[in-house]
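The values are calculated or read from the model by the stated rules, or taken from the named source; none is laboratory data. Because the structure is a prediction, the values reported are computed rather than measured. So basically every Cβ, Gly included, is an ideal-geometry build from the backbone, and we count neighbours across all protein chains shown.
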Amino acid sequence: MLTFEWERGAVFPSPLNAWHRHINTGKDPARLVAITNAPLLIDMFRHTDFIFDNDYVFTERFDGRKDYFSATPQAVFPTVPRDRSGKTNERGHHTHSLVNFVPNIWKTRLYPAGQGVDDDDNHLAMARNTMACHVEQFPTGTYERAHRHGPGSTIILLDGSGFSMMWPNELGTTPFKDGKDSQVRLAEWKEGTLLIPPLQWYHQHFNNGKVPARFVKLGGWNNDLYPFTTTLVSDPGRVDIDYPDEDPRVRQIFAERLAAAGGQFKMPESVFKRRSG
Ligand SMILES: [Fe+2]
C-alpha cells in the first residue's frame, strides 16, 4: 500500500482498477474534481459487473513501487509536433511529461506550445492513461485558435480572466459572416470556472485579463502518447481553424472586449496572414 500527501492544486491519477482512498486531514473541506471513462466502457461491454466487480490487476499501470507518485517526471518529451499533415501553417507543438504526481498545478513547468501566440503547455501522461490531461497558459491580450474535438474535455481555469467562444460544428467556420451570430455562445471565466465545450463544438479561448490565463484540462479522449487506433469517439485528428481562416468578427469581438477591460491587443498581424510556400 502506498500513501502520499496532497494539498490544493495537486493533480494525480487513480491508477486503473487500483483501490484508493482519499483522506482529508486539513481544516477545510477539500474539493476534488475527477473524470472517468466509465460511460464509454459501459457502452462498450454492456455488462456492469465486468466494469465494477472486476479484480484484474493492471501491473503495467500500477506496480506499487515506492516512488510511483514522485513529482519528478520519469521522462519529458518537449514539443511533440501536433500538425503532422504539413498542410497548414500551424506551428503547433505539445510537450508531454510522464509523471504520476503534480504537487501544484499552478507551478508546473510549461514549455512553448502552438495553440495561440507565445502560449505554453505541458501534457501530463499519468498512470499510462489513454485519456488526456494537460496544463496550458497564454498571455494577456491574446487568444487561441478555434478548434473542435471529441467529448469530455473538462477545463478548469486556474488564473486570469477572459472568455470562451463556442458554436456547433454545423454552423461552419465563419458563423458571423454567415449570419448565425445568435447561435454563438460566449462564456466568461475566471479562476475556478469549470468549462466543458460540447461535443465537436468549435471553441476558442480569449485572455482579456491582466495576467496570463492558465488552465488545466482533465480528460478528453486520446493523447499523442497512447492514441486510439479507432475513431470510436474521436476524430482521427482534431480540427483547427487557423487564424488566417477564422471569421474576422472573432478578433473584432476580442478587441472590443479587451478595450473595455483596459487591455491591449497583442496578436501580431503576421498570424492572420497565410504563409506562402
Ligand atoms: Fe479544446
Checklist entry - Looking at (1) aliphatic (A, V, I, L, M); (2) surrounded by fewer than 14 Cβ atoms within 10 Å (Cβ to Cβ); (3) at pLDDT 95 or above; (4) away from the ligand (no atom under 15 Å from the Cβ), which is the only condition residue 250 fails? => result (2)
Checklist entry - What are the residue pairs meeting all of these: first residue in region 59-71, first residue under 19 Å from residue 103 (Cα atoms), second residue outside any loop (DSSP other than H, G, I, E, B) and of a type in the set (A, V, I, L, M), Cβ atoms under 9 Å, and 6 or more apart or on different chains? => result 71/102
Checklist entry - Quick one: would you say residue 209 is of a type outside the set (Val, Ile, Thr), farther than 27 Å from residue 30 by Cα, away from the ligand (no atom under 14 Å from the Cβ) and touching a residue at least 12 places away in the same chain (Cβ under 8 Å)? => result yes
Checklist entry - Filter region 128-173 for residues that are of a type in the set (A, V, I, L, M, F, W, C) and within 12 Å of the chain's Cα centre (by Cα); which is surrounded by the most Cβ atoms within 10 Å (Cβ to Cβ)? => result 132
Checklist entry - Given (1) under 30 Å from residue 110 (Cβ atoms); (2) in contact with a Leu (Cβ under 8 Å, 6 or more places away or on another chain), where does residue 60 come up short, assuming only one miss? => result (2)
Next on the checklist: Please go through region 183-216 and give me each residue that is over 17 Å from residue 165 (Cβ atoms) and crowded, with 17+ Cβ neighbours inside 10 Å, ordered by number.
Outcome noted: 212, 214, 216
Item to check | Extreme residue, nearest to residue 97 (Cα to Cα), among residues of region 1-28 that are loosely packed, with under 13 Cβ neighbours inside 10 Å and among the β-branched types (Val, Ile, Thr) | outcome: 3
Checklist outcome for this item: Looking across region 115-125 at residues that are among the aliphatic types (A, V, I, L, M) and buried (at least 23 other Cβ atoms within 10 Å of the Cβ), the single one that is nearest to residue 145 (Cα to Cα) is 124
Checklist outcome for this item: Conditions (1) within 16 Å of the ligand (Cβ to nearest atom); (2) touching a Cys at 6+ places or on another chain (Cβ under 8 Å) -> residue 114 fails only (2)
Next on the checklist: Here's a check for you: in region 121-151, which residue that is charged (D, E, K, R) and within 16 Å of the ligand (Cβ to nearest atom) is nearest to residue 75 (Cα to Cα)?
Outcome noted: 121
Checklist entry - Are there any strands (runs of 3 or more DSSP E) wholly within region 128-227 with 1 or more residues that are touching a Pro at 6+ places or on another chain (Cβ under 7 Å), modelled with pLDDT of 95 or more and among the hydrophobic types (A, V, I, L, M, F, W, C), and if so which? => result 133-138, 162-167
Checklist entry - Given 153, 161, which one is in contact (Cβ under 8 Å) with a residue 40 or more places away in the chain and under 21 Å from residue 219 (Cα atoms)? => result 153
Checklist entry - Considering only residues of region 31-53 that are of a type in the set (A, V, I, L, M) and within 12 Å of residue 131 (Cβ to Cβ), which is farthest from the chain's Cα centre (by Cα)? => result 41
